Amino acid sequence: MNAMEEMSKYRHEKVLFVNNEKAGLKAIIAVHNTNLGPAIGGCRLWPYESYDAALFDVLRLSRGMSHKNAVAGLAHGGGKGVIIADPSQKTEAMFEAFAEAVNQLGGEYITAEDVNTDCDDALVMLRKTKHICGLPQNSGDPSPYTARGIWQGIRATAKVVLERDSLEGVTVAVQGLGKVGYDLCRLLHNDGAKLVVGNLRNKAALERAADEFGAKVVATNEILSAECDILAPCALGAIINPTTIPTLRCKAVAGAANNQILDDASALALKGRGIYYAPDFVINGGGVINAAAEVDGVYDEKAVLEKVDNIYNTIEHILSESKRTGEPEGIIATRYAESIIYG
Ligand code: NAD
């Protein structure tokens, strides 16, 4: 893979390759775009099978962050860092070296936690860089803000797709009762929605959801095909694929998981079945909205909630456009993001 060619394809501004032998760090940081402001995006640690695979991922993820931050109304571009390592082998030296690499970008990239990196790692990075956000002592856990954004997106989905002004009596199937999924269930239940839930392993969460929200519990392998108005995937990516699409029994998909649709062909197949999709990078922006708030001056929760609640309007706009034109929602959302980034 030719790095410069790949960067040019999706208009990346800068890529920093890091090989710090002393710290045992091999990492890549990609700054996709800074037109709106410094790029924000997490630092992911993953045992990539090749350097090409790591480069491909960091380029794709950083561009995705540009889109996510733009539609969230943030004064930030998109970036991402990947550390090529096995999660069992992570060390403090690695994170300190990663933070020093972040400094080399002079504030053009602001890092955060991501897959296989946690608050402890973030606190290690904080020793060496101030270009970091989403810290536990500042904006705190992003999940409740993500859940609120998903709830707003589901309300907008019900409005456009089901032509309903409230969620009273609307059936939502939630896949995954983790940090986001469980909070989402509470918000939906408070609005009168009927819940169907499925979760891997954690039986206690399922029992709690049945007790607290009257949720109907189904087996893990039945949740995607549960009969419902709206399916809310809050567990894994790529679950909308050629195997699952024929089995779906919902009118719309609107949930937290990143990259829910496997590929472009699956997006078209979903449309072909007449099922609407609330693009993940739009609906799950609540967490980054909250994390970014600590970068942009004094953390102000009221301003954060206003931005998170605006996810309702953005999803309503995208789904209405899709209803009018028949175009897949992901294409409309990407075009919208790029109109904000590039004018
Ligand atoms: P989490 O790890 O707390 O919860 C995920 C839950 O899904 C777990 O309870 C797990 O048991 C369950 N699960 C895994 N595989 C499953 C399967 N096959 N069927 C049913 N349940 C399954 O994660 P989270 O923080 O709640 O995030 C949920 C999703 O939203 C993830 O894809 C994450 O990347 C995405 N997301 C989260 C945030 C955030 O603020 N936490 C922000 C943006 C996107």
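For the residues ASN284, ASN259, ASN290, the requirement of being modelled with pLDDT under 95, touching a helix residue (DSSP H, G or I) at 6+ places or on another chain (Cβ under 8 Å) and within 19 Å of THR146 (Cα to Cα) singles out ASN259.
Quick one: in segment 126-178, which of the residues that are within 17 Å of ALA292 (Cβ to Cβ) and small (Gly, Ala, Ser) is modelled with the highest pLDDT? Write out each step before concluding.
Initial filter on segment 126-178 (within 17 Å of ALA292 (Cβ to Cβ)): 126, 129-146, 148-149.
If we keep only those that are small (Gly, Ala, Ser) as well, we get 134, 139-140, 143, 149.
Working: GLY134: 89, SER139: 88, GLY140: 87, SER143: 94, GLY149: 98.
Filtering segment 126-178 for residues that are within 17 Å of ALA292 (Cβ to Cβ) and small (Gly, Ala, Ser), the one modelled with the highest pLDDT comes out as GLY149.
The residues of segment 176-202 that are surrounded by fewer than 16 Cβ atoms within 10 Å (Cβ to Cβ), of a type in the set (S, T, N, Q) and within 9 Å of the ligand (Cβ to nearest atom) amount to a single one, ASN202.
One line per residue, one yes/no per condition, for (1) among the hydroxyl-bearing types (Ser, Thr, Tyr); (2) more than 16 Å from the ligand (Cβ to nearest atom); (3) on the phi > 0 side of the Ramachandran plot:
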{"residue": "ALA257", "(1), (2), (3)": "no, no, no"}
{"residue": "ALA265", "(1), (2), (3)": "no, yes, no"}
{"residue": "VAL288", "(1), (2), (3)": "no, no, no"}
{"residue": "GLY297", "(1), (2), (3)": "no, yes, yes"}
{"residue": "VAL308", "(1), (2), (3)": "no, no, no"}
{"residue": "ILE315", "(1), (2), (3)": "no, no, no"}
{"residue": "THR325", "(1), (2), (3)": "yes, yes, no"}
{"residue": "ILE341", "(1), (2), (3)": "no, yes, no"}
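Within segment 258-275, the set of residues being crowded, with 22+ Cβ neighbours inside 10 Å and not in a helix (DSSP H, G or I) comprises GLN260, ILE261. In the set (1) under 21 Å from VAL282 (Cα atoms); (2) surrounded by fewer than 23 Cβ atoms within 10 Å (Cβ to Cβ); (3) within 16 Å of the ligand (Cβ to nearest atom); (4) outside the structural domain of LEU36 (by TED's automatic domain parsing), the condition left unmet by GLY134 is number (2). Considering each of ALA219, ALA232, ALA173, ALA205 in turn, give the residue that is in the same structural domain as ARG155 (by TED's automatic domain parsing), more than 23 Å from the chain's Cα centre (by Cα) and within 15 Å of the ligand (Cβ to nearest atom). Exactly one residue qualifies, and that residue is ALA219.
Here is a yes/no grid of residues against (1) under 16 Å from ALA292 (Cα atoms); (2) assigned to a helix (DSSP H, G or I):
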{"site": "ALA53", "(1), (2)": "no, yes"}
{"site": "MET65", "(1), (2)": "yes, yes"}
{"site": "ASN69", "(1), (2)": "yes, yes"}
{"site": "ALA75", "(1), (2)": "yes, no"}
{"site": "GLY78", "(1), (2)": "yes, no"}
{"site": "SER88", "(1), (2)": "no, yes"}
{"site": "VAL102", "(1), (2)": "no, yes"}
{"site": "ASP121", "(1), (2)": "no, yes"}
{"site": "VAL124", "(1), (2)": "no, yes"}
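Residue-wise test of (1) free of Cβ contacts under 8 Å to residues at least 60 places away in the same chain; (2) within 18 Å of SER143 (Cα to Cα).
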site: GLY181; (1), (2): no, yes
site: HIS189; (1), (2): yes, yes
site: GLY214; (1), (2): yes, no
site: ILE223; (1), (2): yes, no
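Per the conditions (1) closer than 24 Å to GLU96 by Cα; (2) surrounded by fewer than 20 Cβ atoms within 10 Å (Cβ to Cβ), the sole criterion not satisfied by ILE29 is (2).
Only one of the numbered conditions (1) hydrophobic (A, V, I, L, M, F, W, C); (2) closer than 19 Å to ASN258 by Cα; (3) not assigned by TED's automatic domain parsing to the domain that holds ASN259 is not met by ALA101, and that is (2). Contact annotation: residue pairs with Cβ atoms under 6 Å, 6 or more positions apart or on different chains, pairing a residue in segment 98-117 that is farther than 9 Å from HIS131 by Cβ with a partner that is away from the ligand (no atom under 16 Å from the Cβ) and part of a loop (DSSP other than H, G, I, E, B), are GLU100/LYS128. Applying a threshold of 6 Å to beta carbon distances and a minimum spacing of six or more residues, or different chains, the list of pairs starting in segment 147-159 at a residue that is closer than 17 Å to SER320 by Cα and ending at one that is buried (at least 24 other Cβ atoms within 10 Å of the Cβ) and hydroxyl-bearing (Ser, Thr, Tyr) is empty.
Pick from THR129, THR117, THR157: which is in contact with a Leu (Cβ under 9 Å, 6 or more places away or on another chain), among the hydroxyl-bearing types (Ser, Thr, Tyr) and outside any helix (DSSP H, G or I)?
Details: THR129 fails: in contact with a Leu (Cβ under 9 Å, 6 or more places away or on another chain); THR157 fails: outside any helix (DSSP H, G or I).
Step by step, each of THR129, THR117, THR157 is checked, and only THR117 is in contact with a Leu (Cβ under 9 Å, 6 or more places away or on another chain), among the hydroxyl-bearing types (Ser, Thr, Tyr) and outside any helix (DSSP H, G or I).
Of all the criteria given as (1) farther than 22 Å from ILE315 by Cα; (2) modelled with pLDDT of 95 or more; (3) within 14 Å of the ligand (Cβ to nearest atom), the one not satisfied by GLU113 is (2).
The values are calculated or read from the model by the stated rules, or taken from the named source; none is laboratory data. The model shown is predicted, which means the values in this text are computed figures rather than measured ones. Cβ atoms come from the backbone with ideal geometry, glycine included; neighbour counts cover every protein chain shown.
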